[in-house]
C-alpha cells in the first residue's frame, strides 16, 4: 500500500481532512492554493490531500515518510511525478551549451583559427566553419583550376581585385576533367547548397590575389632597408584584399515561375522573363563586426536580410558578457553592399495559362548587377530562392 505524501499538519473534523480532497479521502470543502502546483479536483493536487483512500482521513494528519525521489516541500502531495505547469526545468548547469545555443563550440573555434592562419581571408567568407566534406582537397582543386584557365597573369588577377567580382559559367566548370575528378558532385552541391559553394570559390580567388600581391610586395621590399642596411621583411598580415564575389551562371534548365515553390528555397535556379519594374538603389549591411567591451574579443555576426542582430553572448567561453558589445562599422569583416529590387514577368511560359495575368516575381540584385538592366529588358537570371520582407 502506498504511503501518503507530505501534507500540512492541522486540525481534523470527523476523520475528514480540512485540506483539498485527495482521491476519495476527504469530503471537506475544496480549497485553492497559490503554490507551485495547480489545483486539480480528485487528483491530490491541493495542500494536505493524498492519493491514499485509506489514510487520507487520518485524525492526526500524519504525513508519514516521504516517498523515494519525492520532494517534501509544502504544496506537493501524493506520489505524483507530474512536472510544474510552467516552464520545463532546465537540464544541466548554467554553463552548458544548451543554455546558450548562440555560443559556438570549442571545436568550431579551433577549426576557424587553423583555417585563418592558412587562409587569411577565411573569416570574410565563413564566419562559422562550413560543413563541406573534403574542403581542403576541393579548395586546392579550385585554386589550381582558376590558375590554369582564368587567372594566369598578374594583370588578370589585379583586375579582379579592382572589380571585386568574378563570374564563371557552369558548363565551363563541368567540362574540366581534372576538377571533376576531385569534385564529381559539384553540380549537385551547387544546386542544394549554393551559398557555401560560392563562398569557397570566393576564398579561392581571394587566396590567388593575396599570393600575387605578396609576391609583388616582396619584390618591392627588397629595395627597402633599415638603418643598418638590412632588408625590411614584409608583413603579409597587413595586406588588405577586399571581399571577392564569385557568380556562377547556370543557363539550363530554365524554371517557370509557376514551378517556384517552397521546396526550392535555398536552391540555385535560373529564370527568364521581362523586367516590368525597378526599385531604387539602397544599402544593406549583411555582416556586422562587434567587439566585446570586457575581453576585447572580435565577433562577426551575419545580419539576415539586413535586420540588425547583435551577439547574445561573447564567443569566449571565459567571458560572460551578454550586453556590452561595440559595433565596428569600419572593420574589414563588416560588409555593406548595394542592392536593387526588380520585378520580372514570365513571358516564356505565359501562353500555357490562358485567361490570366502573367506571373511575376521580385528579385534582388546585388553588387555589380544593380546597374546592369533597366525596365523593359528581357533577361535570364540565375540566383538563390529565398523569402525576404525587409522592404
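Points to keep in mind about this one:
- Residues considered: 283, 263, 330. Of these, the only one that is exposed (fewer than 14 other Cβ atoms within 10 Å of the Cβ) and under 22 Å from residue 197 (Cα atoms) is 263.
- When the range 120-137 is filtered for residues that are over 19 Å from residue 245 (Cβ atoms) and part of a helix (DSSP H, G or I), the ones remaining, listed by number, are 135, 136, 137.
- Subset of the range 240-265 [part of a loop (DSSP other than H, G, I, E, B) and free of Cβ contacts under 8 Å to residues at least 24 places away in the same chain]: 252, 253, 255, 261
- The helices (runs of 4 or more DSSP H) found wholly in the range 147-225 and carrying at least 2 residues that are under 19 Å from residue 240 (Cα atoms) and in contact with a helix residue (DSSP H, G or I) (Cβ under 6 Å, 6 or more places away or on another chain) occupy 154-163, 194-221.
- Cross-chain or 6+ apart pairs with Cβ under 6 Å, the range 326-343 first and within 14 Å of residue 124 (Cβ to Cβ), then assigned to a loop (DSSP other than H, G, I, E, B): none
- Condition broken by residue 303, with the remaining ones in (1) in contact (Cβ under 8 Å) with a residue 24 or more places away in the chain; (2) within 26 Å of residue 164 (Cα to Cα) satisfied: (1)
- Residue 86, sole failed condition from (1) at pLDDT below 70; (2) under 17 Å from the mean Cα position of the chain (by Cα): (2)
The values are calculated or read from the model by the stated rules, or taken from the named source; none is laboratory data. From a predicted model like this one, the values you see are computed outputs, not experimental measurements. Methodologically, a virtual Cβ is constructed for each residue, glycine included, from the backbone with ideal geometry; neighbour enumeration extends over all protein chains shown.
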